[in-house]
Each structure stands twice: as C-alpha cells, then as structure tokens.
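Notes for the one structure printed next.
The values are calculated or read from the model by the stated rules, or taken from the named source; none is laboratory data. Note that this is a predicted model, so its numbers are computed, not measured. For neighbour counting, all protein chains shown are included, and Cβ atoms are generated from backbone atoms with ideal geometry for every residue, glycine included.
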Amino acid sequence: MTKKRITLLCLFAAFGLSLQAQKKALQITVLEKATEQPLVGATVLYSSDPEMNKALYAATDGEGTAQIKTDGETVYYRISLVGYATLTGKTDAGVKAITLRLDESIMGLNEIVITGTNVPRPVKLSPVTTQVLSGKAMVNAGYGNLQQALQQETPGLNIQKVGFGNELNMQGLDARHVLFLMDGERMTGDMAGNLDYERFNLHAIDRIEIVKGASSTLYGSRASGAVINLITKKTAQPLVVDAGVRYGQMNERNFSNPQKKDFLYMFEKNVDRPNLQGWISSGFKAGAFTSQTDVWYGETDGFYLYQKEGDKKVYTREANPFLDEDVVIISSLERPPMGVEGEEHISASQKLFFEPSHLIRLA
C-alpha cells in the first residue's frame, strides 16, 4: 500500500512539473516615452486570447517591471496608467523580456478628480461638472503664471488689476464666493477675498480642478460661485528633475536713466526689468518617503501704452439723416498713456511625504 502511495505521489509531482514547465515567464518593463523613466503602478492586463477573455492582471513595481506567466503561444497585453495613453499589443510567448513605452496623455488626467465630491472618483461618475487643467499642458502653452492660465482656460472667469492688487470675478460673483484650495486645504493671505494669483508657481502644479456652481453643500457658503483646487506635484518615480529658462524682449524702457531728484526715483530705478523666468522642479521617491522641491523666479517689464492719434468719432449720414455727409470728429487733446505694471516673484516650496502603508507587505 505504501509503494502505491509513493508511486501516485511521484506521478502527481511529475504531472505538476510538466504543467509548470508549460507556463512561460515574461518580464514586461514599462517606461515613460519622453524621459525613459520607469512607470510605477501601471496596470498590465494580459491573456492568450485576442479578445482578452479570462484576462489576468499584474502591476509594475518600483523598477517599472511586471512578471507574468502564460501558457499560450501568443501573449496579448493592455498597459494603462492614469495620465498616459493606453497601449495594446502582442508578443510571442517565447520572448523572455520586452520593454514598452507609454506616451503622456493630458486627457488621461481627467480620470480622477477630488474637488467635485470631496472623494476621489472618475469624472464621468461625478455628479457635478468638473473642469481639469493639466499643469504641464499650461506650461507648454506658454502661460507665465497661474493668473494668465485661469483667465484664458476658464470660461466666465475674469481677473483684473485694482488698487490693492488683483480682483477675481466668476460668472458675476466676486472672490468672496469663489473658494481657492491647495491640495484640498483653504488658502490664507487673501485681501477682500482675493489672493495674489500671479505668485503661484505654475511649474509646481500637477493639475487644477474647477467646480462651478453652488458647491456650498460640500464647502460652505464661500464656495457658492466656484471651487478652484490646485493639486501640487508629487512624484511617483525614483528621481525626476525638470528645469528651464524663458526670456522675452522688454516691452518698453520708460525710465532708462532715472535721477535721484525724481519723485519716483526708486520706482523708476526698479521698473525696467527683462521678461525672464527660471524654474527647477525635482523630486525623488525611496520606499515610504517622497520628496518634492519646486523653485521659481519670474519678472516682467512695466511699460506704458500710448495712443498715436487722438480719439476719433464718426457720425454717418445713414445713422443721422439730418447730416448732409459723414462727419468725423478728432480730439485735439492727447489721451494719457495707460500704465501696465511690472512684477517680480520668487517662490520656493519643499514637501516631504511619509506613507507607512508602503512598508506593509502582505503574506
């Protein structure tokens, strides 16, 4: 009886080894196409069926790799990650390792928001309309600061200069009814409900989430006009460094040779500046620790806008039948020039994250 049991155990072991031998191992490495950096947490869906029936899942580790095993002659895969275009393809099962590269997709950032309902959820499931602006897309579009980006990309929003700084208006409501958040926390330092919207480092922003309408049920009466949430960068890669410089021609030098006797000498001395920007953004991730550093310097030239000719008014005979001919009236007085202020900003931030959940290993 003992010999029969031993024989059966040997047969089962041999059968199991043969099944194991039929499964072929494949290592998939996923990189970001632009930087060749490994992508952590990318979802790998794979199957031996081209219709992806009975597909299995895997995820890339800290090195951007995922180990899969298949028993088919051909492996069909689909690689996806928030912020990147989904990649599909196939490879022979005999291949031991492949490297795939994902293209960044701005539309992919719309998959997750947090301001709409105070919890993360896909945009298509959000009960309120949410506009998502990618920080990288705004930088690539040439915007110099957050104020310029918001004015151009957000319908119904207007920011203008007033005596004490900038004043925001959203669909007829002033800044007292528009709530500004950074990473979900209310921002301080406002004046009459307004902030210095030019001082924010656009290169440190991952995305901007804008919820318009009566969101006061979630955020209080201050949010009856809109909620604007700035989501800052937090790298998920071992090391990321982004640096750059932009320079533009001066608009007009109005005070090239100021004199100390001038009443506005200090203003005249400092108003003429080059249109210059410089920034560096770096971050690293090591286990449960993540560090993100962002530094930005920007300055723009102050100048005057002059009107070459006097004001002109045309009274047409068609609109005024009592006139024998069209009448043109030109003012003999020059219109005073309109001054456009220059600015200078320095912004530096350092963030350190510790996530103990990364230290937990499931048995």
Taking region 62-85 as the region of interest, how many residues are assigned to a loop (DSSP other than H, G, I, E, B), loosely packed, with under 14 Cβ neighbours inside 10 Å and modelled with pLDDT of 80 or more?
1
If I filter region 1-40 down to residues being at pLDDT 55 or above, in a loop (DSSP other than H, G, I, E, B) and of a type outside the set (Asp, Glu), which single residue comes out as surrounded by the fewest Cβ atoms within 10 Å (Cβ to Cβ)?
ALA34
What are the residue pairs meeting all of these: first residue in region 144-159, first residue in contact (Cβ under 8 Å) with a residue 60 or more places away in the chain, second residue among the acidic types (Asp, Glu), Cβ atoms under 6 Å, and 6 or more apart or on different chains?
ASN145/GLU198
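For region 169-213, which positions are in a loop (DSSP other than H, G, I, E, B) and farther than 17 Å from LYS351 by Cβ? Spell out how you get there, then give the answer.
As a first pass, look at region 169-213 and keep what is in a loop (DSSP other than H, G, I, E, B): 171-172, 183-184, 187-190, 192-193, 195-196, 200-201, 213.
Matches in region 169-213: GLN171, GLY172, THR188, GLY189, ASP190, ALA192, GLY193, LEU195, ASP196, GLY213.
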Can you tell me how many residues in region 49-61 are assigned to a loop (DSSP other than H, G, I, E, B) and free of Cβ contacts under 8 Å to residues at least 40 places away in the same chain?
8
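Yes/no per residue for (1) modelled with pLDDT of 90 or more; (2) under 30 Å from LYS233 (Cβ atoms):
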residue	(1), (2)
LYS269	no, no
TRP279	yes, yes
ARG317	no, no
GLU325	yes, no
SER331	no, no
PRO336	no, no
GLU343	no, yes
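Table: residues versus (1) aliphatic (A, V, I, L, M); (2) touching a Ser or Thr at 6+ places or on another chain (Cβ under 7 Å).
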residue: GLY283; (1), (2): no, yes
residue: SER291; (1), (2): no, no
residue: GLY298; (1), (2): no, no
residue: ILE329; (1), (2): yes, no
residue: SER332; (1), (2): no, no
Given (1) modelled with pLDDT of 80 or more; (2) touching a Gly at 6+ places or on another chain (Cβ under 8 Å); (3) of a type outside the set (A, V, I, L, M, F, W, C), identify the lone condition not met by GLN160.
(2)
Output the residues belonging to region 286-329 that are of a type in the set (D, E, K, R) and touching a strand residue (DSSP E or B) at 6+ places or on another chain (Cβ under 8 Å).
ASP294, GLU299, ASP301, GLU309, ASP311, LYS312, LYS313, ASP326
Qualifying residues in region 86-103 (those that are surrounded by 15 or more Cβ atoms within 10 Å (Cβ to Cβ) and not basic (Lys, Arg)) - the one nearest to the chain's Cα centre (by Cα):
LEU102
Hits in region 41-60 (condition: over 33 Å from the mean Cα position of the chain (by Cα) and surrounded by 16 or more Cβ atoms within 10 Å (Cβ to Cβ))
SER47, SER48
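Could you list, in sequence order, all residues of region 118-142 that are of a type in the set (Val, Ile, Thr) and either modelled with pLDDT of 60 or more or in a strand (DSSP E or B) (or both)? Talk me through it step by step, then tell me what you get.
Quick first cut of region 118-142, residues of a type in the set (Val, Ile, Thr) only: 119, 123, 128-130, 132, 139.
Hits for region 118-142 are VAL128, THR129, THR130, VAL132, VAL139.
Within region 288-333, track down each residue that is within 30 Å of LEU202 (Cβ to Cβ) and loosely packed, with under 13 Cβ neighbours inside 10 Å. Write out each step before concluding.
Going through region 288-333, the residues within 30 Å of LEU202 (Cβ to Cβ) turn out to be 288-305.
Correct list: PHE289, TYR304, LEU305.
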Can you list the strands (runs of 3 or more DSSP E) found entirely within region 259-318 that contain at least 2 residues being closer than 30 Å to GLU355 by Cα?
275-286, 289-300
For region 257-287, what are the residues that are in contact (Cβ under 8 Å) with a residue 40 or more places away in the chain, hydrophobic (A, V, I, L, M, F, W, C), surrounded by 12 or more Cβ atoms within 10 Å (Cβ to Cβ) and under 30 Å from VAL40 (Cα atoms)?
TRP279, PHE284
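Taking TYR46 as the residue in question, decide whether it is under 15 Å from THR91 (Cβ atoms), outside any loop (DSSP other than H, G, I, E, B) and touching a Pro at 6+ places or on another chain (Cβ under 6 Å).
Details: under 15 Å from THR91 (Cβ atoms): yes; outside any loop (DSSP other than H, G, I, E, B): yes; touching a Pro at 6+ places or on another chain (Cβ under 6 Å): no.
No: the conditions fail for TYR46.
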